[in-house]
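Trainee: This is the structure, below, for whatever I ask next.
The values are calculated or read from the model by the stated rules, or taken from the named source; none is laboratory data. What you see is a predicted model, and the numbers here were worked out from it, not measured in a lab. Here the Cβ positions follow ideal geometry from the backbone for every residue, glycine too, while neighbour counts run over all protein chains shown. These area figures cover heavy atoms from the full protein model, side chains too; ligands, DNA and RNA do not enter into them. Shrake-Rupley method; radii C 1.70, N 1.55, O 1.52, S 1.80 Å.
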Amino acid sequence: MSDDSFIREVNEELRQDQLKALWRRYGTMAIAAVALVILATAAYVGYQYWSTSRANQAGDAFARALELADEGNTDEALAALEELETSGYGSYPVLARLRAAAALADGGKAEEAVAKYDAVAGDNSVPAAIRDMARLRAALLLVDHGSYTDVATRVEPLTAEGNAMRHTARETLALAAWNEGDRENALALFGQIIDDPQAPVGARQRAEMMSELIAGSGESG
């Protein structure tokens with residue numbers, strides 16, 4: 001046997017002895033670590049499946065509620081949406097609250113719809129953008145079913161420069177002011193939309209049309 005072969009065999013024996021020693025010392029810990037990884041992976045996969053399943057169920061229930069509303073079955077739609085508000089998953093409970101408010105408004109129950117929107121707007125667990133949208137939807141209803149003060153209470157903060165909803169908020173306030181005969185305030189608010197280079201074309205056109213209408217009605221009076 002050559003010296004090289006002898007050295008390799010000795011090295012192999014030493015490595016095996018070292019591995020045996022390591023296994024005796026750390027084998028149990030290694031098995032426990034592997035078991036923990038397997039359990040954690042199984043738990044994660046299980047949670048993902050559970051989460052996806054619940055989201056799919058909530059989505060199907062929401063779609064069915066929309067179908068009922070579109071078919072004119074308002075009471076059934078509201079019952080389905082109310083169930084989703086409490087048992088839904090993910091974003092569906094909030095969507096159900098908003099859609100229920102819209103269904104109430106479509107059914108001529110403006111006061112109940114406004115209360116529903118106000119509840120969403122006052123819920124700090126709801127994302128800020130959705131709360132602002134609820135304020136705006138309530139204010140739009142109150143243009144015809146409330147006072148200028150009612151509208152302003154909800155959307156005046158949204159008229160600030162830089163707010164993404166400022167154009168619609170200003171338009172809503174302007175309509176409420178015009179309904180109460182406050183021409184100057186209405187013209188000023190429509191003027192803010194006209195002068196805002198970031199205002200959507202449709203909003204600017206409506207503001208120009210309303211400004212001309214209000215100015216013309218004043219001249220004729």
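Trainee: Can you tell me which residue within region 154-167, out of those that are open to solvent by 40 Å² or more (accessible area, probe 1.4 Å) and under 22 Å from the mean Cα position of the chain (by Cα), is nearest to ASP118 (Cα to Cα)?
Mentor: By that ranking, first place goes to ARG154.
Trainee: Being modelled with pLDDT under 95, within 29 Å of ALA115 (Cα to Cα) and loosely packed, with under 15 Cβ neighbours inside 10 Å is the requirement here; does GLY146 meet it?
Mentor: no
Trainee: Inside region 108-117, can you point out the residues that are open to solvent by 50 Å² or more (accessible area, probe 1.4 Å) and of a type outside the set (A, V, I, L, M, F, W, C)?
Mentor: Of everything in region 108-117, those that are open to solvent by 50 Å² or more (accessible area, probe 1.4 Å) and of a type outside the set (A, V, I, L, M, F, W, C) turn out to be GLY108, LYS109, GLU111, GLU112, LYS116.
Trainee: Still on this structure, please answer the following. With acidic (Asp, Glu), open to solvent by 30 Å² or more (accessible area, probe 1.4 Å) and within 24 Å of ALA139 (Cα to Cα) as the only criterion, which of GLU82, GLU76, GLU67 stands out?
Mentor: Just a single option satisfies the conditions, and that option is GLU82.
Trainee: Which residues, counting only those in region 124-138, are open to solvent by less than 70 Å² (accessible area, probe 1.4 Å) and in contact with a Leu (Cβ under 8 Å, 6 or more places away or on another chain)?
Mentor: ILE130, ASP132, ALA134, ARG135, LEU136
Trainee: Among the residues of region 67-79, is any hydroxyl-bearing (Ser, Thr, Tyr) and out of contact with any Pro (no Cβ under 9 Å at 6 or more places or on another chain)?
Mentor: Checked against the condition, which is being hydroxyl-bearing (Ser, Thr, Tyr) and out of contact with any Pro (no Cβ under 9 Å at 6 or more places or on another chain), region 67-79 yields at least one hit.
Trainee: List the pairs whose first member sits in region 112-123 and is aromatic (Phe, Trp, Tyr), whose second member is open to solvent by less than 40 Å² (accessible area, probe 1.4 Å), and whose Cβ atoms are under 8 Å apart, counting only residues at least 6 apart or on separate chains?
Mentor: TYR117/LEU98; TYR117/ALA101; TYR117/ALA134; TYR117/ALA138; TYR117/LEU141
Trainee: Right, another one. Between a first residue in region 84-111 that is hydroxyl-bearing (Ser, Thr, Tyr) and a second residue that is surrounded by fewer than 22 Cβ atoms within 10 Å (Cβ to Cβ), which pairs have beta carbons less than 6 Å apart while being 6 or more apart in sequence or on different chains?
Mentor: The qualifying pairs are TYR89/ARG54; TYR89/ALA55; TYR89/ALA58; TYR92/ALA58; TYR92/PHE62.
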